[in-house]
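Please treat every number below as a calculation from the coordinates, not as lab data. Computed from a predicted structure; not experimentally measured. No Cβ is skipped: glycine too gets one built from the backbone with ideal geometry, and neighbour counts run over all protein chains shown.
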Amino acid sequence: MNRYYLLLLFGSLWINSIEAQNTTLFRIERSGVCQMAQARPDFYPVLRHLEAPLPGHTTAAAHLSLIKAQLPAKTYHTPKGATSFKKSPVVAPFVMRNFKGNPYNNIPNDNSLAISNDGMIVSVINSTIQVYNTDGKVLQSRSLEAFGDTLHIDAHKFDPRALYDPVADRFIVTYLNGTSAATSMITIAFSQTNDPTGDWNMYALPGNPLSDSSWSDFPMISISNGELFYTINLLTPGGSWQTSFKQTVIWQIDKDQGYKGEAINPKLWSGIRFGNKPIRNLHPVKGGSKPYGPHAYFLSDRNFDLQNDTIFFLKLTGTATDPKTELEIGVLRADLAYGVPPNAAQKHPALELQTNDARILDAFLENNQIVFAANSIDTSNNYAAIYLGHIYDVDGKPSIRAQIFGHDSLEFGYPGLAFTGNQEEFSAVMCMNYSSFYEYPGCGISFYDGKEFSNLKTVREGNSNINILGGAERWGDYMGMQPKYNEPGRCWMSGTFGRDGVSVGTEYGTWIAEIQKYGYNSNEGLVANKDLPASLYPNPSFESTWVTVDFELKTSDMVAIVLFNTQGKVLAQLLHREARAGKNQFSFSTAPLAPGTYILSAHGTTGQLFSRRLMVAPKE
């Protein structure tokens, strides 16, 4: 039994009390090696259950349906395109290389993605793991069945996750097996090298670790400098929701043992409660620009409440081998309530997309701040929306500022986050799926400058409804998003869109994309793939005159031209549209500019095209 202090924050009031939870030590030998490069038959077998369960088993679906039935009716508006957003002063991020991801294999998508510093991408959905290069070429492909065949686990595989460890330059992939106490197992795979097409060390952890007739569901993962943190919900088959959910537990694992193929000695934290009730759906907080540690943070909320402002805030103070390590639990009160989201509309009035509950789905730590995102409801129109919380002074007296990312005609779900700032700037890109009565399901992005959002930038439009089972369709339970750690300001994502099927009428599509925030460092400049010849004139210019830039493209491309000051702040996005192959000329007025020095930067889909200094002089 390990004791910890609970810190309860309501405004400036701190309440100290003592709670207790349990820890259990395990020893797990390596159970096998997956040789990805070894050619062998893979028939990609899939058994599909012709219903649409939610995380937390069928009892959760019934319980959640009753809650959603209490939500007020939506207020529908005729769409007005980009004007449906309140015009944002924040410049939207730019979509770079992008391509079709893992093929649909009769299982709804749960997207997760990891990318190495060398540009190797590991993408997983509920049925497959695929390795790509950054141009979208498939380097290896395996079904989850074949990936874990050396473990000899004959149970349904689901809920895959992938991450890249920039400290060790390795990958980690995990998924679940089985939905009963007798069959439940957790598969965790550690790449032996930085090449994910090579060999992986495979481990099988018990899905019923406390021998209490429970099984493991809905994993979430993160890493510190030295450890892997794995949270899981333990459920009991059958019964009501209250009796089927038992608790959420934390696995704390030395990741280096896994990379080396040694026996791992994970520590299990259980009995994590507040007010004698288990805290649900603990989400481990990942590092922003890099992994941190040895401590780790976890977040949770009241995910089944129609409206609530409670955020559970947990800190694991040290490593699994340190006997002084404690789990501290705090409660924060946000300045804005979240709530269970309604199902999202599709173009067909009889079809909806499941948004599940309001659990926290992604979070990162940077500069003593945490940003997190969850599904929620926009109470201005009762649409499905995104709840983004920003926790300040994490190691001091934390407080939360929250806001809703919503829209007049679009509904959103399943956000992902990636830190894209630096030591001087706190910023992030958020990805999400979207759908509406007027647009097919697609995925998009928004830039968060630490205070406000940009308007939505579409990454992949859908060309069909998602219609596999009819009615309330699965939308996937999460999205994949990760920074490109050695290229600050860039990240990669994996989202869902509706597409016309080959063998069936409609299906789920997976889309992978590289995202670049707008930003300029006057000392280093943006990462550039090429620097096209570009003539900027007159330069120096004068106030209230016109400036012209001539440039030439080898092929037609989407071009964004952005104006910065010399401190790297975005002043305006001047252009974002397709420019044709050949000679192009762009002009703009300097009337809004004070005398001084500015940076004019142009991007194409493969990176920066050119960057030029512009001098604006006062009128003579």
Could you calculate the contour length gain from Lys277 to Asn106, that is, 0.36 nm times the residue separation minus the distance between their Cα atoms, to one decimal place in nm?
57.8 nm
Could you tell me the calculated FRET efficiency between Glu262 and Ala350, based on Cβ-Cβ distance and R0 = 35 angstrom, to the nearest 0.05?
0.05
Around Pro415, under 13 Å between beta carbons, what's the net of Lys plus Arg minus Asp minus Glu among the other residues?
-2
Rounded to one decimal in nm, the spacing of the 7 Å Cα→Cβ label points at Asn133 and Lys451 is 4.4
What ranking do 213-219, 489-495 get when scored by the average of other Cβ atoms within 10 Å per residue, highest first?
489-495, 213-219
Here the stretch 534-617 gives, from Cα atoms, an Rg and Dmax in Å of 12.5, 36
FRET E, pair Val33, Leu210, Förster distance 30 Å, beta-carbon r, rounded to 0.05:
0.55
If the cut-off is 19 Å between C-alpha atoms, which lysines fall inside it for Lys583, apart from same-chain ones fewer than 8 positions away?
Lys530, Lys554
Any idea what the relative contact order of the chain is, in percent, if you count C-alpha pairs under 8 Å spaced at least 6 apart?
13
I need to check one value: relative contact order of the stretch 534-617, counting alpha carbon pairs closer than 8 Å and at least 6 residues apart, in percent.
36
Label Arg613 and Leu553 with points 7 Å out from Cα along Cα→Cβ: what is the distance between them in nm?
2.8
Cross-link partners of Lys74 among lysines (Cα-Cα below 22 Å; sequence separation of 8 or more within a chain)
Lys86, Lys347
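Need the full-extension length gain, Thr23 to Glu328, defined as separation in residues times 0.36 nm minus the C-alpha distance. One decimal, nm.
108.4 nm
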As I understand it, the value is the acute angle between the Cα axis of helix 57-68 and the longest principal axis of the Cα atoms of the chain; what does it come to in degrees, rounded to 10?
60
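Which length gain, in nm to one decimal place, applies between Asn194 and Thr605 when the Cα-Cα distance is subtracted from 0.36 nm times their residue separation?
Separation in residues times 0.36 nm, less the Cα-Cα distance, equals 145.3 nm.
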Inter-label distance for Glu487 and Glu424, nm, one decimal - labels placed 7 Å from Cα along Cα-to-Cβ:
2.2
